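Before any comments, here is the structure.
The values are calculated or read from the model by the stated rules, or taken from the named source; none is laboratory data. Just so you know, these numbers come straight off a predicted model, no measurement behind them. When we count neighbours, we look across all protein chains shown, and the Cβ atoms used for this are built from the backbone with ideal geometry, even at glycine. Surface areas here come from the heavy atoms of the whole protein model, side chains and all, with no ligands, DNA or RNA. Shrake-Rupley method; radii C 1.70, N 1.55, O 1.52, S 1.80 Å.
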Amino acid sequence: MDNKKKIIPAVIVVIILACLLLALEIGHNIAEQKYVIDHTPADSPEKWIEIDPVTAGTEGITVVSGTTNLPPGTKLDVGISTISIHPTTKNYDYSHEFAEGNTTVFAGTGGVNNYSASIDTSLLNNGKYFVVVESTDSSGQVEKYISVDIIRHREDYSGKGNYIDWSALELPELAVNKSIETVMLVGWWHVVPSGTSVQNNEVEYYSIIDCGADGICRVFDISGTELYAVYDSNEAQIMEVPNGAIVDKRSVGNVTFVKLGDEIVLTKIDEYPEGR
């Protein structure tokens, strides 16, 4: 009888240990299954889009093309938008700043597929732009950005130019140097002390900027000698001035004066209408 009393608790202990081991084994299996389930997406190829180098078309049509591993038939949205959002007039036509289109992925080789979209950029101002290609479907968003300079060479503007009271301007004779190559601004204007500029958007004190009817902004020194020429772009519509400077845009029409104390440290003439 005493032996039976000793055996029964021992059996119970063994059963409990067996149950614990079984529970641990089941838990281990579940954990392994969960690990596999949670990490299966990592075994799938990551979706991607690449954009070929973009050059603005001479006829106002810009082709955006590239490669992707998205399947044929996938719809893609293509957008071109200015990097430099600048002050605009009321009811401004933003087709001078943004253009868009769409396309569909078509089959390539080796798992690399292709796309191509023709975007009407004929109304865009010169400037620096983002190009984005994206797909948004039930499997999530895939996108790619690059930046590009869009430059369209223009003939002299034949319409009515901006009002400027030339007689009220005290300017030297501005000597245009036609041998100077026109380039893009690296960013918006910064008015800086004489002798401190290191790039073409840093315009020194006492300079004169004349943005003409041909879509080119020419920078002259205080004597009227042309220093360099840049395209009249979205960036050219923005200016950072020194601390304490006063900006006068009303005195003589479409001319901006930057003043420090009693001195005019910059004169910017805008002959070329915005939204040209």
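A few remarks follow.
- Count - residues of the stretch 221-272 that are open to solvent by 20 Å² or more (accessible area, probe 1.4 Å), of a type outside the set (Phe, Trp, Tyr), within 30 Å of VAL148 (Cα to Cα) and touching a residue at least 40 places away in the same chain (Cβ under 8 Å): 9
- TYR145, sole failed condition from (1) open to solvent by less than 70 Å² (accessible area, probe 1.4 Å); (2) of a type outside the set (S, T, N, Q); (3) within 30 Å of GLY187 (Cβ to Cβ): (1)
- Matching entry among GLY159, GLY140, GLY108 (being at pLDDT below 90 and at negative phi): GLY159
- Selection within the stretch 47-105: residues that are charged (D, E, K, R) and surrounded by 15 or more Cβ atoms within 10 Å (Cβ to Cβ). The member of this set that is farthest from the chain's Cα centre (by Cα) is LYS47.
- Filtered residue count, the stretch 106-142, keeping only those that are under 15 Å from the mean Cα position of the chain (by Cα) and crowded, with 17+ Cβ neighbours inside 10 Å: 9
- Candidates are the residues of the stretch 60-71 that are in contact with a Ser or Thr (Cβ under 8 Å, 6 or more places away or on another chain) and assigned to a loop (DSSP other than H, G, I, E, B); the one that is farthest from GLY140 (Cα to Cα) is GLY60.
- The stretch 73-105, residues that are free of Cβ contacts under 8 Å to residues at least 40 places away in the same chain and either part of a strand (DSSP E or B) or on the phi > 0 side of the Ramachandran plot (or both): GLY73, ASN91, PHE98, ALA99, GLU100, GLY101, ASN102, THR103, THR104
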